[in-house]
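Bear in mind that the values in this text are calculations on the coordinates, not laboratory data. These numbers come from a predicted model, not from an experiment. Heads up, the Cβs are rebuilt from the backbone with ideal geometry, glycines too, and the neighbour counts pull from every protein chain shown.
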Amino acid sequence: MSITLTFHGQSCFQLNDGTHNLLIDPFFTDNPVAKIEAKDVTCSHIAITHGHFDHFADCESIAKANDATVFAAYEICDYLHEQGHEKCEPGNPGGRIETLFGGISFTQAFHSSSFKGRYMGMPCGLMIEFAGAVLYHAGDTSLFSDMELLGQIYTPDVAMFPIGDRFTMGPEMAAVAAEMIGAPTAIPMHYNTWPAIEVDVKQFAPKDIEVLVMEPGDALELSAE
C-alpha cells in the first residue's frame, strides 16, 4: 500500500493512504513557511503532540471544518469539547488508541504544554501505526535515554525529530536521538521557521541513518506491507 507523507513546515505533517488522511500538529495560520492556508486543508483525523500554538492553533477550525477525530492529551480534548468539537479521543503517555488506520501510541516528551495561558496536559510524542507503516513523531522534546527502548519496542520505519535548539533538542542531540530510535529514515523538523530556531540542518547527521530533509510543501511516497 502506498502512503503519501507531506510536510507543511514547523512540525506539521500529513499522512494519506487514499482512505484515511491524518494531520499531525496543524499550524498554518501565522506560519511563515506554510504553503497553504488552514481553510484549504482536508483530513479525516488529527493528532496533537501538545498545546503550544505552533502545533495546535489551527486544530479547532480544521477539525470542525472536516468533522475530523482528534487524538490528543486529555486536557486538550477537554478544551475542544468546550469549543463545541466532540469528536476527540483523549490519551496520555504510555497509552495506545486503536484507530481506523492502525493506532496511535502516546510516548513521553520532555517539554511544556499550554495554549492561551491554559495548561494543556502532558506533552507527548506519537508512535503512529498507519496503513502498515510505523512512524515516530517526537513532538517537542529534549533527548532522553528511553528513546532507545521506544525504538526497540516499536521499530519505526520513519522518525521525525525537532532540531531547532533553544526550545527542543539541537541538531547534534537530535542525531543521537535518531540513532537511539533506530528508524532507517530520519526527518528533521521544528527548525528555521523563525530566527530563534535557525540552525544548519547539515549538523543533523546521525550515523548509518538516511536523513531526509523536506521543505514545506514537499511530499513523498512511502511503501508499507
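Each peptide among 3-10, 32-39 gets the average number of other Cβ atoms lying within 10 Å of its residues, and from highest to lowest they stand as 3-10, 32-39.
Here the peptides 11-18, 113-120, 190-197 are ranked by packing, the mean other Cβ count within 10 Å, and the order with the highest first is 11-18, 190-197, 113-120.
By count of other Cβ within 10 Å, fewest leading, how are SER145, SER223 ordered? All intermediate terms of the calculation are to be shown ahead of the outcome.
Numbers: SER145 7, SER223 10.
If I rank by nearby Cβ atoms, fewest first, I get SER145, SER223.
What is the gain in length, in nm to one decimal, between GLN203 and LYS87 on full extension, counting 0.36 nm per residue of separation less the C-alpha to C-alpha distance?
Details: separation 116, 0.36 × 116 = 41.76 nm, distance 4.05 nm.
Length gained between GLN203 and LYS87: 37.7 nm.
Taken over the stretch 2-214, lysine pairs spaced eight or more positions apart, or on distinct chains, with alpha carbons under 29 Å apart number 10. At a Cβ-Cβ separation cutoff of 4.7 angstrom, cysteine residues of the chain with no neighbouring cysteine are CYS12, CYS43, CYS59, CYS124. Taken as Cα centroids, the stretch 12-56 and the stretch 137-201 sit 19 Å apart, rounded to the nearest whole angstrom.
For the stretch 72-88, 3J(HN,Hα) computed residue by residue from phi via the Karplus equation (6.51, -1.76, 1.60; θ = phi - 60°) reads 6, 4, 3, 5, 5, 5, 4, 4, 5, 4, 5, 8, x, 10, 8, 7, 10 Hz, glycine and proline entered as x.
At q = 0.08, 0.09, 0.18 Å⁻¹ the log10 of I(q)/I(0) for the chain amounts to -0.24, -0.30, -1.42, computed by Debye summation with a single uniform scatterer per C-alpha, solvent ignored. The packing ranking, built from the mean of other Cβ atoms within 10 Å per residue, places the peptides 170-176, 138-144 in the order 138-144, 170-176, highest first.
In this simple spin-label approximation, ASP218 and TYR119 carry label points 7 Å from Cα along the Cα→Cβ vector, and these lie 3.9 nm apart.
When restricted to Cα atoms, the stretch 1-113 yields an Rg and a Dmax of 13.2, 38 Å, respectively.
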